[in-house]
1. When you go through Gly120, Gly182, Gly162, Gly128 one by one, which is the residue that is under 23 Å from Gln219 (Cα atoms), under 21 Å from the mean Cα position of the chain (by Cα) and not acidic (Asp, Glu)?
2. State which residue is nearest to the ligand (Cβ to nearest atom) when the search covers only region 329-339 and only residues that are open to solvent by less than 80 Å² (accessible area, probe 1.4 Å) and under 24 Å from Leu66 (Cβ atoms).
3. Inside region 47-91, can you point out the residues that are within 30 Å of Ile339 (Cβ to Cβ), open to solvent by 20 Å² or more (accessible area, probe 1.4 Å) and not in a strand (DSSP E or B)?
4. Can you tell me which residue is surrounded by the most Cβ atoms within 10 Å (Cβ to Cβ) among those in region 92-123 that are within 16 Å of the ligand (Cβ to nearest atom) and of a type in the set (S, T, N, Q)?
5. Tell me whether region 191-198 contains one or more residues that are under 16 Å from Ala90 (Cα atoms), surrounded by 14 or more Cβ atoms within 10 Å (Cβ to Cβ) and under 22 Å from the mean Cα position of the chain (by Cα).
6. Report, by residue number, each residue of region 66-84 that is touching a Phe, Trp or Tyr at 6+ places or on another chain (Cβ under 7 Å) and more than 30 Å from Pro3 (Cβ to Cβ).
Amino acid sequence: MQPISPFPLKPFNTFGLNANARMGLILSDETTLDSLRQSPWWSDSLPRLLIGEGSNILFTTDFDGLVIVNRLKGISVQETDDAWLLHVAAGENWHQLIAWTLQNQMPGMENLALIPGTVGAAPVQNIGAYGVEFCQFCDYVDTWHFADGHRARYSAEQCRFGYRDSLFKHELHDQVIITAVGFRIPKQWQPVVEYGPLKALGSTASADQIFHTICELRQSKLPDPAMLGNAGSFFKNPVVSSALAMELKRHYPAMPCFTAGSEQNKLAAGWLIDQAGLKGFSLGAAGVHRDQALVLVNLGNATANEILSLAKHVASTVRQKFAVQLEPEVRFIGLSGEINSLQAIQ
Ligand SMILES: Cc1cc2nc3c(=O)[nH]c(=O)nc-3n(C[C@H](O)[C@H](O)[C@H](O)COP(=O)(O)OP(=O)(O)OC[C@H]3O[C@@H](n4cnc5c(N)ncnc54)[C@H](O)[C@@H]3O)c2cc1C
């Protein structure tokens, strides 16, 4: 298989930033992996980057390595007395999978509707929304390993899922291609409607109602990357000590604040950015979205430097006002691979 060189990255990042990779491949057949390491152009030291739909990536510069765009397709289903078992190829579109499960009377994952990206990227940051996380339905994750070409299956427990976190951000970072994901959807279904705007649906809501409500909410709240380049929530919701949270709550009684384990609280990054007066703020062609302060947007031909400068400005303004450090949720990709996003915005 011959890579394309240079490989333009603009179609493969939802920020719509202009960048090139030294070379790139579209992976649509898993058997091509068997010969990948024998290719004349392959080198173990070649930086490599997996891309699904590029909806959680910021290219800070060109990428001097191999990009592999995952387009592996296929869904198979098995059934037990109490669950649906799905084996889904990693290049399937996440939202289409959710819609497909509902069309086939397998409710459960409706709260995760309309999250952009591929199935294979979902385990990496354990995607979540509206009170539900990917890990609740994950049975296993199948991988192909760059080091020696072996395949392995990781159970959900081995994946060590956390808040926007997993094994794939740590020991297996840059080491594997996620080729497929196994899902276990229990047949006993209960609506999850505790989260804010879903409460009005009540406990008799159907999965279809939840799905459509969430699609409408997301479409009205979040900018469509096809119209306005962005990568969703730019920052994670910060987890701080309960002492700091209580101190802030005294000054800002309306501040959203949730318990997050012992002696820790989670704050809403969007609220902090909004209260720092940054909603709608722009630097060059990079902006804080006018309705969603947590989303940084490409207002048209923004450069990576403009987005980075804006992220630095947002983080330092929030730090000065609230003594809270924001950490990016978006993955920053530099010349030879992922870079430390926290350092990059300090
Ligand atoms: C408008 C918008 C809304 C969003 N809302 C949410 C939300 O509500 N909740 C949420 O959790 N996220 C949200 N996101 C972030 C994003 O949708 C998720 O992170 C998604 O899982 C990224 O999928 P992707 O295929 O685009 O991954 P990419 O951006 O292509 O890749 C993300 C990371 O995963 C790695 N990766 C991708 N595929 C593979 C693979 N097959 N094997 C190994 N590594 C891989 C990449 O190398 C990279 O490090 C949103 C993004 C946007 C633009």
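1. Gly128
2. Looking only at region 329-339, we keep the residues that are open to solvent by less than 80 Å² (accessible area, probe 1.4 Å), and these are 329-334, 337-339.
So of that shortlist, the ones also under 24 Å from Leu66 (Cβ atoms) come out as 330-334, 337-339.
Numbers: Val330: 8, Arg331: 4, Phe332: 10, Ile333: 8, Gly334: 12, Gly337: 9, Glu338: 6, Ile339: 12 Å.
Result: Arg331.
3. Pro47, Glu53, Ser55, Asn56, Thr60, Thr61, Asp62, Arg71
4. Here is the first cut: in region 92-123, the ones within 16 Å of the ligand (Cβ to nearest atom) are 92-99, 109-123.
Subsequent filtering for residues that are of a type in the set (S, T, N, Q) retains 93, 96, 111, 118.
Values: Asn93: 16, Gln96: 11, Asn111: 24, Thr118: 27.
Once the filter is applied, the top-ranked residue is Thr118.
5. At the first step, the residues of region 191-198 found to be under 16 Å from Ala90 (Cα atoms) are none.
No, the conditions are met nowhere in region 191-198.
6. The answer is Val77, and nothing else.
Let's see how each residue does on (1) open to solvent by 60 Å² or more (accessible area, probe 1.4 Å); (2) not assigned by TED's automatic domain parsing to the domain that holds Ile115:
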residue: Val176; (1), (2): no, no
residue: Phe183; (1), (2): no, no
residue: Lys187; (1), (2): yes, no
residue: Ala205; (1), (2): no, no
residue: Asp208; (1), (2): yes, no
residue: Leu228; (1), (2): no, yes
residue: Ala245; (1), (2): no, yes
residue: Leu248; (1), (2): no, yes
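The values are calculated or read from the model by the stated rules, or taken from the named source; none is laboratory data. Predicted, not measured: the structure shown is a model, and the values here were computed from it. We place every Cβ from the backbone using ideal geometry, glycine too, and count neighbours over all the protein chains shown. Surface accessibility is based on the protein's heavy atoms, side chains included, excluding ligands, DNA and RNA. Shrake-Rupley method; radii C 1.70, N 1.55, O 1.52, S 1.80 Å.
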